[in-house]
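Student: The following block contains the structure, expressed as structure tokens.
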Amino acid sequence: MAFTFYNTLGRELQPLEPVNPGKIGFYGCGPTVYNYAHIGNLRAYVLHDILVRSLRRSGFEVNHVMNITDVGHLSGDNDEGDDKMLKSAEERGKSVLEVADFYTKAFFADTGRMNIVRPSLVCRATDHIDDMIALIQRIEAAGFTYTAGGNLYFDISKFPSYGDLARLRMEDLRAGARSALDENKRNHADFVLWFTKSKFENQALVWDSPWGKGYPGWHIECSAMSIKYLGEQFDIHAGGIDHIPIHHTNEIAQSEAATGKRPWVKYWIHNEFLVLDKEKMSKSSGSFLTLQSLVDKGYDPLDYRYFLLGGHYRSQLQFSWESLEGAKNARKSLMERVMSLARLEKPIERKTIPAEKAGGIPASPSSSSMDLSPPVRERLDRFNTALEEDLSTPRALAELWGLLRTNSAPVSELLRAVFDMDRVLGLRIEEGIAENKDEKDEDEVLAAEIEGLIAERAAAKKAKDFVRADSIRTGLRERGILLEDGPSGTIWRRQS
Ligand code: AMP
Ligand code: ZN
């Protein structure tokens, strides 16, 4: 398959030509773990997931690295505001690392529930301070830094392509020379590489460094960890569009200044925002929806996944309960349709496919090697094209539905193609069918057991063993099963 992605660097669709043929190095900015992920954040991780699944299904070997930010991220990405981790720890009366640990676990619980494949490597910022210091030393040795007021800054005026990714003009970035908010900065877009004079008393985590005891700026962690694990030049970097003007712009400046190699990253993929009533959803404002809040209202995390797939990642997506309800119903009809196909087929073996498993993609046969009848082949080809053309999940979903409406193909082929498509969509279709079958099996076992006990009770009554007969009735009642004796025998029902 030949992929084309919209590259923010260049603002155009570009064919994917990996640095190393057949292999993809991919870095996706991970969460800052001071609170639960909100459903907007999860949109970003579903995009990463679709990207990785699509590439792997097409045979690429993808090394997906994701960071966990547990230090250095201030509420303003431009070094302004509170330290997010510190503030959260103070509010909760916990240590920063306890908070980080708790929300990291919560994050992976949420992404697991949404069937998001775990990255090949997850790295915590606080485990990589030495790598950050080493990278900052390279940037310093190359002449891109200055010290002021105790902090070490990156001097953007030394890096002429600074505004390329965000299409910012150097004149505007330097405007006003000194920053109104940080008088140490020579240009207002300069940023901190290493803080020593923390503006926060009781800064919880500090490390020794050549610039004094302190802690790293937020942006350096992504440069240091991605270079460490993916090399000095790699293929794809992703994050939300909010990261274009500051975080990713700064990451590029740091990385290219340190290594002298351009481009550091070939393709920049950015997701548009999920919005609530036209407002940006923000983790720091405190009012946001978590995945759990959707579950509490009766939605399955996969309903939300389906909802997200219905929008293209480069379009803003408006969340509403009505549209989530629509997604839930659509997913339900989808499962019912596949289930009815599966009933026509031979029994399906139960398969448990944990998303966390390396690679995470069920090993069904690859669509390209399948021998299929023309209508199915055509749908699969169009599905593949939809993904190849900048990951169009709405088109891919439409092809899945088109496939399910096909009635001129053998059921076994239809099912194989659906399961193959689901390797990317990640709606757990195959497992859903197997689970449904298991539930039915359980019901059958229970019914047989109850019928057996009813017969035993009738026999006990006949033998005037009323103690035994009553104990059977009481035992079943405790399990929520009520017996009703009538003229044509005893019937049972579940307690409502
Ligand atoms: P954070 O944990 O705040 O660092 O954000 C994690 C990821 O979510 C980043 O890639 C952000 O760009 C992205 N993001 C934040 N808010 C939204 C939103 N409302 N919609 C989509 N992506 C978002
Ligand atoms: Zn980052």
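The values are calculated or read from the model by the stated rules, or taken from the named source; none is laboratory data. Model, not experiment: these values are computed from the prediction. Cβ placement follows ideal geometry from the backbone for every residue including glycine, while neighbour counts extend to all protein chains displayed. Areas reflect the complete protein model, heavy atoms only, side chains present, ligands, DNA and RNA absent. Shrake-Rupley method; radii C 1.70, N 1.55, O 1.52, S 1.80 Å.
Student: Which helices (runs of 4 or more DSSP H) does the stretch 405-496 wholly contain that include 3 or more residues that are within 30 Å of ARG53 (Cβ to Cβ) and among the β-branched types (Val, Ile, Thr)? Working first, answer last.
Tutor: Values: elements: 411-425, 429-462, 466-478.
Fully inside the stretch 405-496 and qualifying: 411-425.
Student: Right, next: So which of ALA238, ALA253, ALA258, ALA224 ends up being within 15 Å of ligand 1 (Cβ to nearest atom), buried (at least 24 other Cβ atoms within 10 Å of the Cβ) and touching a residue at least 12 places away in the same chain (Cβ under 8 Å)?
Tutor: ALA238
Student: Could you figure out which of (1) surrounded by fewer than 13 Cβ atoms within 10 Å (Cβ to Cβ); (2) within 30 Å of PHE307 (Cα to Cα) isn't true of GLY489?
Tutor: (2)
Student: Could you say whether any residue in the stretch 466-484 is in contact with a strand residue (DSSP E or B) (Cβ under 9 Å, 6 or more places away or on another chain), farther than 30 Å from PHE3 by Cβ, open to solvent by 30 Å² or more (accessible area, probe 1.4 Å) and among the hydrophobic types (A, V, I, L, M, F, W, C)?
Tutor: Looking through the stretch 466-484, at least one residue is in contact with a strand residue (DSSP E or B) (Cβ under 9 Å, 6 or more places away or on another chain), farther than 30 Å from PHE3 by Cβ, open to solvent by 30 Å² or more (accessible area, probe 1.4 Å) and among the hydrophobic types (A, V, I, L, M, F, W, C).
Student: Answer with yes or no whether SER255 is modelled with pLDDT of 95 or more and within 16 Å of ligand 2 (Cβ to nearest atom). Please lay out each step first, then the result.
Tutor: Details: modelled with pLDDT of 95 or more: yes; within 16 Å of ligand 2 (Cβ to nearest atom): yes.
It is true that SER255 is modelled with pLDDT of 95 or more and within 16 Å of ligand 2 (Cβ to nearest atom).
Student: Tell me, please, whether a residue that is within 24 Å of VAL117 (Cβ to Cβ), in contact (Cβ under 8 Å) with a residue 60 or more places away in the chain and assigned to a helix (DSSP H, G or I) can be found in the stretch 370-383.
Tutor: no
Student: Follow-up. State all residues of the stretch 374-408 that are hydrophobic (A, V, I, L, M, F, W, C) and within 19 Å of GLU336 (Cβ to Cβ); if no residue qualifies, say none.
Tutor: If the condition is that a residue be hydrophobic (A, V, I, L, M, F, W, C) and within 19 Å of GLU336 (Cβ to Cβ), then LEU397, ALA398, LEU400, TRP401, LEU403, LEU404 are the ones that fit.
Per-residue answers, yes or no, for (1) basic (Lys, Arg); (2) modelled with pLDDT of 95 or more:
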position: GLU91; (1), (2): no, no
position: GLU98; (1), (2): no, no
position: LEU121; (1), (2): no, yes
position: ILE129; (1), (2): no, yes
position: ARG138; (1), (2): yes, yes
position: THR145; (1), (2): no, yes
position: ARG167; (1), (2): yes, no
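Student: Just to be sure I understand, how many residues within the stretch 40-74 are over 10 Å from the mean Cα position of the chain (by Cα), under 17 Å from THR111 (Cα atoms) and of a type in the set (Val, Ile, Thr)?
Tutor: Within the stretch 40-74, residues that are over 10 Å from the mean Cα position of the chain (by Cα), under 17 Å from THR111 (Cα atoms) and of a type in the set (Val, Ile, Thr) number 4.
Student: Kindly check whether there is at least one residue in the stretch 85-92 that is surrounded by fewer than 21 Cβ atoms within 10 Å (Cβ to Cβ), within 23 Å of LEU289 (Cβ to Cβ) and free of Cβ contacts under 8 Å to residues at least 40 places away in the same chain.
Tutor: yes
Student: Those residues that are among the hydroxyl-bearing types (Ser, Thr, Tyr), modelled with pLDDT of 95 or more and within 16 Å of ligand 1 (Cβ to nearest atom), I need them from the stretch 7-54; list them, please.
Tutor: THR8, TYR27, TYR45
Student: Can you spot a residue in the stretch 209-219 that is open to solvent by less than 10 Å² (accessible area, probe 1.4 Å), among the hydroxyl-bearing types (Ser, Thr, Tyr), in contact (Cβ under 8 Å) with a residue 12 or more places away in the chain and within 11 Å of ligand 2 (Cβ to nearest atom)?
Tutor: Checked against the condition, which is being open to solvent by less than 10 Å² (accessible area, probe 1.4 Å), among the hydroxyl-bearing types (Ser, Thr, Tyr), in contact (Cβ under 8 Å) with a residue 12 or more places away in the chain and within 11 Å of ligand 2 (Cβ to nearest atom), the stretch 209-219 yields no hits at all.
Student: Of the residues that sit in the stretch 258-290 and are part of a strand (DSSP E or B) and more than 16 Å from ligand 2 (Cβ to nearest atom), which one is modelled with the lowest pLDDT?
Tutor: Out of the qualifying residues, it is GLU279.
Student: Next up: On the given criteria, is ILE429 modelled with pLDDT of 95 or more and within 30 Å of the chain's Cα centre (by Cα)?
Tutor: Yes: the conditions hold for ILE429.
Listed here are the residues, each with its yes/no results for (1) more than 16 Å from ligand 2 (Cβ to nearest atom); (2) at positive phi; (3) open to solvent by less than 20 Å² (accessible area, probe 1.4 Å); (4) part of a helix (DSSP H, G or I).
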{"residue": "LEU9", "(1), (2), (3), (4)": "no, no, no, no"}
{"residue": "GLN14", "(1), (2), (3), (4)": "yes, no, no, no"}
{"residue": "GLY25", "(1), (2), (3), (4)": "no, no, yes, no"}
{"residue": "TYR36", "(1), (2), (3), (4)": "yes, no, no, no"}
{"residue": "LEU42", "(1), (2), (3), (4)": "yes, no, yes, yes"}
{"residue": "HIS48", "(1), (2), (3), (4)": "no, no, yes, yes"}
{"residue": "ARG53", "(1), (2), (3), (4)": "yes, no, yes, yes"}
{"residue": "GLY59", "(1), (2), (3), (4)": "yes, yes, no, no"}
{"residue": "VAL62", "(1), (2), (3), (4)": "yes, no, yes, no"}
